[in-house]
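Here the structure comes first, spelled out in structure tokens, and everything after it is commentary.
The values are calculated or read from the model by the stated rules, or taken from the named source; none is laboratory data. Remember, it's a predicted structure, so these values are computed and weren't measured experimentally. Virtual Cβ from ideal backbone geometry, glycine too; neighbours counted across all protein chains shown.
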Amino acid sequence: MKHHRTMLASAVAIGAVISGAAPSAAASTAPAAVNCTGTSTVTYSPAITSEPRTVTSTSSQSWKTCAVINGGGITKARDSVTRTSLTRSCATLLNTTPKQQQTVSWDNGQTSTAAVTTTQVESALVVTSIGKITSGPFVGENYKRVSTYANVDALTACSSPGGLAKLGPGVSDLAITPLV
């Protein structure tokens, strides 16, 4: 009788795993993939001009559409990064920002933090942050955020009397991929 109960308990457990009623160990460690699309805006305070000055930069992304594999029901995300005490001028607008932290807030209430390096190219029309997720969902995976600001001549705006106070809104794409 004891043998039958053990077999029945084992059969029930296997059936639950097969049906998806219980997570398997393999599923919880399976790599995830995330692709999100949304908008991005960057503000500079005070505005960047031809003269070097200390500015605060705030970059805000809102990804309204996310396609996620093994992501726990995530459908959208957002982040906002503020950098203070940056010395910028029109001549240094395109400088690389050294390692920094970017935190993504997912719509399931969790956050992922990535250590990234940010570069700006093509008159600040394309801003790319690349790094690795260091905490939260997707830890250890690759992180890449690309924001494109079309129809903006940042260097001309920077040289104008009012300076460059804002980029965007632009298109922002976020990709989180497994290490290969």
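Considering only the range 44-51, I want to know if a residue exists there that is under 15 Å from the mean Cα position of the chain (by Cα), at pLDDT 90 or above and aromatic (Phe, Trp, Tyr).
Looking for residues that are under 15 Å from the mean Cα position of the chain (by Cα), at pLDDT 90 or above and aromatic (Phe, Trp, Tyr), one finds none in the range 44-51, hence no.
Filter the range 148-176 down to the residues that are among the polar types (S, T, N, Q) and touching a strand residue (DSSP E or B) at 6+ places or on another chain (Cβ under 6 Å), then identify the one that is surrounded by the fewest Cβ atoms within 10 Å (Cβ to Cβ).
If we take residues in the range 148-176 being among the polar types (S, T, N, Q) and touching a strand residue (DSSP E or B) at 6+ places or on another chain (Cβ under 6 Å), then 148 is surrounded by the fewest Cβ atoms within 10 Å (Cβ to Cβ).
State whether one or more residues within the range 147-158 are closer than 24 Å to residue 74 by Cβ, assigned by TED's automatic domain parsing to the domain that holds residue 50 and either basic (Lys, Arg) or under 13 Å from the mean Cα position of the chain (by Cα) (or both).
So far as the range 147-158 goes, yes, one or more of its residues are closer than 24 Å to residue 74 by Cβ, assigned by TED's automatic domain parsing to the domain that holds residue 50 and either basic (Lys, Arg) or under 13 Å from the mean Cα position of the chain (by Cα) (or both).
Yes or no: residue 105 in a strand (DSSP E or B) and closer than 19 Å to residue 175 by Cβ?
yes
I want to confirm something. Restricting to the range 61-74 and keeping residues that are at pLDDT 95 or above and either surrounded by fewer than 19 Cβ atoms within 10 Å (Cβ to Cβ) or not assigned by TED's automatic domain parsing to the domain that holds residue 148 (or both), which single residue is nearest to the chain's Cα centre (by Cα)?
My answer is 62.
Could you figure out which of (1) under 26 Å from residue 110 (Cα atoms); (2) more than 14 Å from the chain's Cα centre (by Cα); (3) acidic (Asp, Glu) isn't true of residue 141?
(2)
Inside the range 81-102, can you point out the residues that are surrounded by fewer than 14 Cβ atoms within 10 Å (Cβ to Cβ), assigned to a strand (DSSP E or B) and among the polar types (S, T, N, Q)?
Listed by number, the residues that qualify are 82, 84, 85, 87, 101.
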